[in-house]
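Take a look at the structure set out below.
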Amino acid sequence: MTEIRDIAIIGAGTMGHGIAETFARFGYEVRVYEKFRATQEKALASIAEELGLLAEMGRIEAASIDRILGRITFCEDLASTVKGSDFVIEAIPEDIGMKRDLFRALDALCDPGTILASNTSSLDLFDMIDGVRPERVKSCLICHWYNPAHLVPLVELSQFGNMPDDALERVERLFTGIGKKTIRVLANIPGLIANRIQQGIAREVFSLIEMGAASPEDIDAALKYGPAFRYATTGQLEIADFGGLDIWCTVGDNLLPAISSAQKASDLLRQKIAENKLGLKTGEGFFAYADDRRSQVTRDFHIRLIRQLAVTEQN
């Protein structure tokens, strides 16, 4: 099977623009379907700003920015966006009706060999592709990037038995070639792998806040300088092996009955939402963000990720 070269992306929002940026950085000509001009303009500005920071941090040459931007074409017609594509990835809102309609449209518009992917982490693959032709099912997969897409290496790929191994291997080679680390998700479960792990940590963190166990600053510091410090270079299963599975078993027996087993999102989150304290985008969440500092906060966060990426690449 030929290698994937022609890329189309549906949606230019938070994830879509970062996906387009990444492919373009590595030499791919990318067409992005986005019918709203304002979203196109915002995406282009975000990509230019992010590329500028990558150049400042020595990750790319400043002279390459215009060439990278020139590889991204925004389209307002779905048919022309996906015509001749080898690989189409959608990054539209997490609405099952919208996704089904889109996949049915892509099924009709795309060549038989085109691979259709979804960036979802919460919706079921087979629910999304319900209604596509049976022969198309073997060319569909979940392909979940992590935010910010242009910096976080992880891409989760579904291997639920519908796609032949050689087709999945083509996708893996595509992502390896753009510096991503792929994992195969073997079970068709909500949240895939990384989000389930993240939600498990978040559940206990929110519970600790609710019980007044420590300040938000200290709880984040406990994670950042404790477990997350190790997680940056190794995984939980290796950490368990290092510590001794007998010790982990004993500690689990002692602690698990005492930690949160909540089966819904924290009431603390619902209270924050009711107060319009949604985080960075509204100026306050668990922490406060002055209006004139929000861009700098995001920039500083990206700088930390870029530095971490450099360390990760050495391992």
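Give the residues of the stretch 120-154 that are polar (S, T, N, Q) and surrounded by fewer than 16 Cβ atoms within 10 Å (Cβ to Cβ), sorted by residue number.
At the first step, the residues of the stretch 120-154 found to be polar (S, T, N, Q) are 120-122, 139, 147.
Matches in the stretch 120-154: S122, N147.
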Quiz item: Which of the residues that make up the stretch 7-53 are open to solvent by 30 Å² or more (accessible area, probe 1.4 Å) and either among the aliphatic types (A, V, I, L, M) or not assigned by the TED database to the domain that holds C110 (or both)?
Solution: M15, A38, L44, A45, A48
Self-check item: Pair list, Cβ < 7 Å and 6+ apart or interchain, from the stretch 104-120 residues that are in the same structural domain as Q159 (by the TED database) and among the aliphatic types (A, V, I, L, M) to residues that are open to solvent by 20 Å² or more (accessible area, probe 1.4 Å) and assigned to a loop (DSSP other than H, G, I, E, B)
Solution: I115/D86
Quiz prompt | Which listed residue is among the acidic types (D, E), under 29 Å from the mean Cα position of the chain (by Cα) and either in a helix (DSSP H, G or I) or at pLDDT below 95 (or both), from D220, D246, D253 | solution = D220
Quiz prompt | Which numbered condition L157 misses (of (1) open to solvent by less than 60 Å² (accessible area, probe 1.4 Å); (2) part of a loop (DSSP other than H, G, I, E, B); (3) closer than 27 Å to A24 by Cβ) | solution = (2)
Quiz prompt | Unmet criterion (only one of (1) open to solvent by less than 40 Å² (accessible area, probe 1.4 Å); (2) farther than 17 Å from S122 by Cβ; (3) not in a helix (DSSP H, G or I)) for T182 | solution = (1)
Self-check item: Of residues in the stretch 199-216 being more than 26 Å from the chain's Cα centre (by Cα) and part of a helix (DSSP H, G or I), the one nearest to D267 (Cα to Cα)
Solution: E210
Practice problem: Pull up the stretch 70-95, narrow it to residues that are under 24 Å from V137 (Cα atoms) and among the hydroxyl-bearing types (S, T, Y), then point me to the one that is surrounded by the fewest Cβ atoms within 10 Å (Cβ to Cβ). | Solution: S80
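The values are calculated or read from the model by the stated rules, or taken from the named source; none is laboratory data. Predicted model, so just to flag it, every value in this text is computed and none were measured. Note: ideal-geometry Cβ built from the backbone for every residue, glycine included; neighbour counts use all protein chains shown. The protein model used for the area step is the full one, side chains on, heavy atoms only, and it has no ligands, DNA or RNA in it. Shrake-Rupley method; radii C 1.70, N 1.55, O 1.52, S 1.80 Å.
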